[in-house]
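The values are calculated or read from the model by the stated rules, or taken from the named source; none is laboratory data. These figures come from a predicted structure and were not determined experimentally. All Cβ positions, glycine included, derive from the backbone under ideal geometry; neighbour counts span all protein chains shown. Heads up: the accessible areas ignore ligands, DNA and RNA and are worked out on the full protein's heavy atoms, side chains in. Shrake-Rupley method; radii C 1.70, N 1.55, O 1.52, S 1.80 Å.
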Amino acid sequence: YDESVSFQDKCQAIRYMCHIPHKQMRNVVLECCKFVLGDESVSVDERFYFFSNNEKYFKLEDNVVYELFPWFFEKCLSDNYPYLITILCCKYIIRTFTGELRQRAKDFLYSVINDDKEQYQTKMECIDTLLEYGDKKDQEYCMPLLDDTQEVHQEHISNSIRKMLRNLIKDRRKLKIVKEMEDIHNFLIDTKRTDLMEVIHRIMMDPSKYDG
């Protein structure tokens with residue numbers, strides 16, 4: 001709770017807390033997580049990256065992540081967080097939960113899909129999520145919304161990303177060793193490659209979409 005401590009250090013302290021047995025550990029860890037995740041002075045992307053367990057080495061316990069996703073999903077809805085973050089929460093919830101919460105997550109995705117004013121790519125994120133993790137009824141609804149152009153587009157993006165990453169990793173004059181996606185992200189900031197920042201940011205937020 002010390003305001004002089006950086007957000008990153010607070011996150012790391014909470015990760016360690018998960019692995020040190022103490023009284024009411026789960027409740028204490030959840031309370032601390034919600035405190036730092038509610039800090040609006042920190043970008044929502046950084047906060048989501050912390051609890052969604054994209055850290056490579058030292059992670060939160062799975063049961064803590066399980067408890068936090070529904071809470072953060074509600075915060076996304078109430079505070080109008082960016083659609084990408086809300087969609088990623090929906091993705092986890094639909095994949096992991098059952099019942100009313102799962103249905104609420106699906107309802108949100110459908111609301112985006114059926115919004116005539118919403119961007120095409122955002123709708124495709126929702127459609128992809130329902131096709132991959134939804135029920136047969138969801139898949140039957142979403143499949144006709146896809147077309148050959150979208151499939152080619154996705155394949156082109158994936159191939160372009162892989163090619164771009166290979167080239168960055170091979171360029172040892174500028175980037176000697178790449179251990180984390182964050183290394184590439186920081187490298188692009190330093191070299192002001194704003195044209196690639198959005199792509200790398202997308203991979204960092206949801207690595208599973210670009211496995212391989």
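Tell me the relative contact order for the stretch 3-80 as a rounded percent, counting alpha carbon contacts under 8 Å between residues six or more apart.
RCO, the stretch 3-80: 31 percent.
Taking each of Lys75/Lys136; Lys34/Lys117; Lys23/Lys75 in turn, the alpha-carbon distance tops 31 angstrom for Lys34/Lys117. Counted by Cβ distance under 12 Å from Tyr66, the other residues give a net charge of -1, where Lys and Arg count +1 and Asp and Glu count -1. Using θ = phi - 60° in the Karplus curve 6.51 cos²θ - 1.76 cosθ + 1.60, the 3J(HN,Hα) couplings for the stretch 114-122 round to 8, 8, 5, 8, 7, 5, 4, 5, 5 Hz; x is entered for Gly and Pro. Rounded to the nearest 0.05, what FRET efficiency do Thr96 and Glu74 give with R0 = 22 Å and r taken as the Cβ-Cβ distance? Could you check? Calculated transfer efficiency: 0.90. A straight line joining the Cα centroids of the stretch 80-120 and the stretch 1-47 runs 26 Å.
Electrostatic tally near Asn114: other residues with Cβ closer than 15 Å to its Cβ, Lys and Arg +1, Asp and Glu -1, net -3. Heavy-atom accessible area with a 1.4 Å probe sorts Thr122, Thr86, largest first, into Thr122, Thr86.
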